[in-house]
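The values are calculated or read from the model by the stated rules, or taken from the named source; none is laboratory data. What you are looking at is a predicted structure, and each value in this text was computed from that prediction instead of being measured. All Cβ positions, glycine included, derive from the backbone under ideal geometry; neighbour counts span all protein chains shown.
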Amino acid sequence: MTLPHWNGLLLQVNFWELVGASQPVPLAVMIILLGFSLLSFTIIFSKLGGFRRGRRANQRFLKAFRKSSRLDAVAAAVEQFRAAPLVTVFDFGYSELSRQMASRSKLTNLVALERSLQMGISEEITRLERNMNWLATAAAVCPFIGLFGTVLGIIDAFTGLGLAGSTSMRAVAPGIASALVATALGLGAAIPAAIAYNYFNNAIKEFGQRLEDFSLEFLNVAERTVEGP
């Protein structure tokens, strides 16, 4: 990393040398920020892949569900669509429907079926929201952790200036560089986490709406095909 010209002096600062020369507390700040950044990107890539697979699996499952005339036929083939969030709602609804059919051979309690479908929706939304709190935490606290590291770097810079007894940039450069690195790491961890949190939050809302629509579709099919006179 190259610092700009100060008083005609070009300062070359190696990042790893800077980290190695840092005091324990600023070094701990950098490690914490790097840890948050690594965790955030792990969650981001994991959710991007999971949501992409979920959308594709939803489309395939919904196509098979609408083409089939019997719910038991869909239940028999449901394992091949296990990545689809809609399958969770179907499982809850079909389990309740099967219990009612086993006792009286017809749909006897529509309210109980609706509650089961809502439980399936809640279960799937909870799964989709997993680890979102870590992204929110990273977006909220990393700038402040970076600011804390910045303050420590500035303090170190002024301490070096006082010990040197002069205004030489060589005395303050390490502390200022440490402060700038802490700021950059804080923003580097917080900004992607904030963007990803908002993006995934909107995606989860979209999934939730599709789950609600599917529950209504399931109720329509259940009433048409198995409800008795």
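Per-structure values
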read-out: Residue match in the stretch 46-63 (condition: buried (at least 20 other Cβ atoms within 10 Å of the Cβ), more than 30 Å from Met132 (Cα to Cα) and out of contact with any Gly (no Cβ under 6 Å at 6 or more places or on another chain)); value: no
read-out: Residue list for the stretch 57-82, filter: of a type in the set (Phe, Trp, Tyr) and closer than 19 Å to Asn220 by Cα; value: Phe61, Phe65
read-out: Any hit, the stretch 167-187, residues being at pLDDT below 90, outside any helix (DSSP H, G or I) and either over 32 Å from the mean Cα position of the chain (by Cα) or within 30 Å of Arg127 (Cα to Cα) (or both); value: yes
read-out: Identity of the residue in the stretch 82-98, small (Gly, Ala, Ser) and without any contact (Cβ under 8 Å) to a residue 40 or more places away in the chain, that ends up surrounded by the most Cβ atoms within 10 Å (Cβ to Cβ); value: Ala84
read-out: Condition met for Leu117 (farther than 30 Å from Phe41 by Cβ and modelled with pLDDT of 90 or more); value: yes
